[in-house]
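J.: Shown below is the structure under consideration.
The values are calculated or read from the model by the stated rules, or taken from the named source; none is laboratory data. Since we're looking at a predicted model, the values are computed, not measured. As a convention, Cβ positions derive from the backbone with ideal geometry for all residues, glycine included, and neighbour counts pool all protein chains shown. Quick note on the areas: whole protein, heavy atoms, side chains included, nothing else; ligands and nucleic acids left out. Shrake-Rupley method; radii C 1.70, N 1.55, O 1.52, S 1.80 Å.
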Amino acid sequence: MSDTSRATDAYRALLDVVAAVEPTIADAIRGELDNQRHQLKLIASENYASPATLLAMGTWLSDKYAEGTVGHRFYAGCEYVDVVEARAAELARQVFGAPHAYVQPHSGIDANLVAYWAILAQRVEQPALDEAGVRHVNDLDDAAWAKLRRAFGEQRMLGMSLDAGGHLTHGFRPNISGKLFDQRSYGTDPETGLLDYAEVRRLAHEVRPLVIVAGYSAYPRRIDFAAMREIADEVGATLMVDMAHFAGLVAGKVMTGDEDPVPFAHITTTTTHKSLRGPRGGLVLCQPELAEFVDKGCPMVLGGPLPHVMAAKAVALAEAARPEFRDYAHAIVDNARALAEGLLRRGATLVTGGTDNHLVLLDVASSYGLTGRQAESALLDAGVVTNRNAIPRDPNGAWYTSGVRLGTPALTTLGMGPSEMDEVADLIDTTLRATTRASGPSGPSKAKYTVADGVVERTRARAAELLEKFPLYPEIVL
Ligand code: DSN
């Protein structure tokens, strides 16, 4: 049986079974596929997982409770969950060359929370237990416990500022990490838009943080993790790297040497569904000295693991271990460069002037006189899915923004290459040049806009033509 008929049969059967119980959901699953097949997906944090990865999630592994870790569960009957979790962790260690992997986190925020609490357990809790001469927090007397709880709240963190491309979970107040840590941020150079390591070093010496976080969700450049580790060592900080956005580029050996975070960070976190192209979820990698603390992620931070998702992580990691994944990862970066060059050639302004990773940050205020919100909406009308994003020192704030973030992992999965990226750049530029800010009684709107007649329709038709040549899940015919 061919891959096409196997995948088609599997999904037809799946939809029939679901529809017999709740047709609305079967229709929504069909609708989502239809949407994704008819839009150019440029959201830098999204991708298309393989049918094997997707199918691994839809099983009875979901029915099993397995709190604890491999071989040390709080529930009986976990032998097959142990097989799944052990294999996923083994593949994660292999793909990333990491001494230890923990594959239970349900998402990126969970992975980061496991990492923060592992660091706190190692650096704050363990010394308190040692000082009291006890092995467990339950053995501390009330005064020692109160002192330890205060000590948790007194720790400092240094992370990348949000408008420079950092992430809410890197110590910002709306997120629990910002309520837990006293956070200070490093930004980027106002002239070049690039990370300024001398400034990071200066701040690290001033702040003396327990944790330095490196990693980003909207910075279009690579990071020198050897330099970050040197800074962390100078001030006695633990270096944590959140590689959620670029894990696929690490797995695919685009980021090697000083650009590979895994050997330099004490602890590395990631999601599994972005450039890594796995199921929605997270994982943590760490040096041996943090392993025992990371492995207590459940029940320290997490509820019961999701065995069906760990199974899908194993499948996706097995795919990432194949030589063709390296080609894919390099193609992501080639495509991002081609997209950036296509936009620059058409006169657009990009944050940092280009890219050397998987994403491009288009300054739509300077380029087209629009807010990010207007540009995002006009592009969606034209069949191009992006998301608005703040640019450094953004005058329009984090809601309306002045930027649109573009990423190439998904279109690269479809098989598109640099010449298609040039066409995509043209679709974006043509749409945004034809878009104007609407005005209201109190001046130019930050949300409303108009697009010149016919442009949306013509762009949609061109996007559809491109997508027809590079269909999504061609093996699935519903
Ligand atoms: N929401 C993810 C992103 O789009 O970058 C990060 O959490």
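J.: Roll a 1.4 Å probe over the protein chains and send me the accessible area per residue for the chain in Å².
T.: Working: 20160 Å² over 478 residues.
Ligands and nucleic acids excluded, the result is 42 Å² per residue.
J.: Looking at the range 368-478, what % of the alpha carbon pairs are farther apart than 16 Å? Display every interim value, and only then the final one.
T.: Numbers: 3790 of 6105 pairs.
Cα-Cα pairs in the range 368-478 separated by more than 16 Å: 62 percent.
J.: P(r) for the range 150-211: what percent of alpha-carbon pairs falls in each 5 Å bin, starting at zero?
T.: 4, 20, 26, 24, 16, 8, 2, 1, 0
J.: Averaged over all directions, how much area does the convex hull of the C-alpha atoms of the range 189-310 cover when projected, in nm²? Don't skip to the end; give the middle numbers.
T.: Working: hull surface 34.1 nm².
For the Cα atoms of the range 189-310, the hull's average projected area reads 8.5 nm².
J.: Straight-line reach only, C-alpha to C-alpha below 16 angstrom: list the aspartates and glutamates that residue 446 could link to, leaving out same-chain residues fewer than 8 apart.
T.: Hits, sequence-local ones excluded: 363, 376, 394.
J.: Using only Cα atoms, locate the centre of the range 303-337 and the centre of the range 4-32, then give the distance between them in Å, rounded to an integer.
T.: When both Cα centres are located, 25 Å separates them.
J.: Just the accessible area for residue 64, please: 1.4 Å probe, Å², rounded to the nearest 10?
T.: The accessible area comes out at roughly 60 Å².
J.: For the range 289-339, take every pair of Cα atoms, bin their distances at 10 Å starting from 0, and report each bin as a whole percent.
T.: 20, 26, 28, 23, 3
J.: Please list 3J(HN,Hα) in residue order for the range 43-52, calculated via the Karplus relation 6.51 cos²θ - 1.76 cosθ + 1.60 where θ = phi - 60°; whole Hz, with x for glycine and proline.
T.: So the J values, rounded to whole Hz, are 6, 5, 9, 10, 7, 10, 6, 6, x, 4.
J.: Quick one, can you get me the convex hull of the C-alpha atoms of the range 367-410 expressed as volume per residue in Å³? All intermediate terms of the calculation are to be shown ahead of the outcome.
T.: Details: hull volume 3.4 nm³, N = 44.
Looking at the range 367-410, the number lands at 78 Å³ per residue.
J.: On the principal axes of its Cα set, how long, how wide and how thick is the range 43-177? Give whole Å, largest value first.
T.: Principal extents (Cα only, largest first): 53, 46, 28 Å.
J.: Let me see the P(r) profile for the chain: every Cα-Cα distance counted, bins of 10 Å, each bin given as a percent of all pairs.
T.: So the P(r) values, bin by bin, are 4, 19, 27, 26, 16, 6, 1, 0.
J.: At a 1.4 Å probe radius, which order do 145, 399 fall into by accessible area, largest first? Don't skip to the end; give the middle numbers.
T.: Values: 145 100, 399 155 Å².
Result, largest first: 399, 145.
J.: Find, to one decimal place in angstroms, the Kirkwood hydrodynamic radius of the range 352-392, where the mean of 1/r is taken over every pair of different Cα atoms and then inverted.
T.: Details: mean 1/r = 0.0913 Å⁻¹.
Hydrodynamic radius (Kirkwood, Cα only) of the range 352-392 equals 10.9 Å.
J.: Now a separate question. How many percent of the accessible area of the chain is carbon or sulfur, using a 1.4 Å probe? Kindly include the intermediate steps, with their values, before the conclusion.
T.: Working: 10540 of 20160 Å².
Carbon and sulfur: 52 percent of the exposed surface of the chain.
J.: Report relative contact order for the chain in percent, whole number only (criteria: Cα-Cα under 8 Å, sequence separation at least 6). Spell out each step's value before the answer.
T.: Numbers: 953 pairs, mean separation 102.1, N = 478.
Normalised by residue count, the contact order of the chain is 21 percent.
J.: Using only C-alpha positions, report the orientation-averaged shadow area of the convex hull of the range 12-116, nm², one decimal.
T.: 9.5 nm²
J.: Check the straight Cα-Cα distances from residue 64 and name the lysines below 20 Å, setting aside those fewer than 8 residues away within the same chain.
T.: Straight-distance partners of residue 64: 296, 313.
J.: If R₀ is 35 angstrom, what is the calculated FRET efficiency for the pair residue 345 and residue 198, using the beta carbon separation as r and rounding to 0.05?
T.: Details: r = 33 Å, r/R0 = 0.95.
Once the sixth-power term is evaluated, E becomes 0.60.
J.: Quote the Stokes-Einstein diffusion coefficient, in whole µm² s⁻¹, for the range 44-83, based on the Kirkwood radius over alpha carbon pairs, a temperature of 4 °C and a viscosity of 1.567 mPa s.
T.: Values: Rh = 12.1 Å.
The calculation lands on 107 µm²/s.
J.: Another question about this same structure. Label the range 294-453 by shape, choosing from rounded, prolate and oblate, from the square roots a ≥ b ≥ c of the eigenvalues of the Cα gyration tensor; if a/c is under 1.5 it is rounded, and otherwise prolate applies when a/b is larger than b/c, oblate when it is not.
T.: On the way: a/c = 2.50, a/b = 1.53, b/c = 1.63.
The shape class here is oblate.
J.: If you plug each phi of the range 247-260 into the Karplus form 6.51 cos²θ - 1.76 cosθ + 1.60 with θ = phi - 60°, what whole-Hz ³J(HN,Hα) values come out, in order, with x for Gly and Pro?
T.: My calculation for the range 247-260 gives 4, x, 6, 6, 4, x, 6, 7, 9, 10, x, 5, 8, 8 Hz in order.
J.: Taking a quarter of the surface of the Cα convex hull of the range 229-277, what do you get in nm²?
T.: Details: hull surface 12.7 nm².
Computing the convex hull of the Cα atoms and averaging its projections yields 3.2 nm².
J.: Where Rh denotes the Kirkwood radius from the mean inverse Cα pair distance, what is Rg over Rh for the range 255-371? Mind showing how you got there, number by number?
T.: Working: Rg = 18.6 Å, Rh = 17.2 Å.
Taking Rh as the inverse mean 1/r over Cα pairs, Rg/Rh reads 1.08.
J.: Treating the range 107-194 as a set of equal point scatterers at the Cα positions, no solvent, please give the Debye-formula log₁₀ I(q)/I(0) at q = 0.12, 0.14, 0.23 Å⁻¹.
T.: Result of the Debye calculation: -0.46, -0.58, -1.08.
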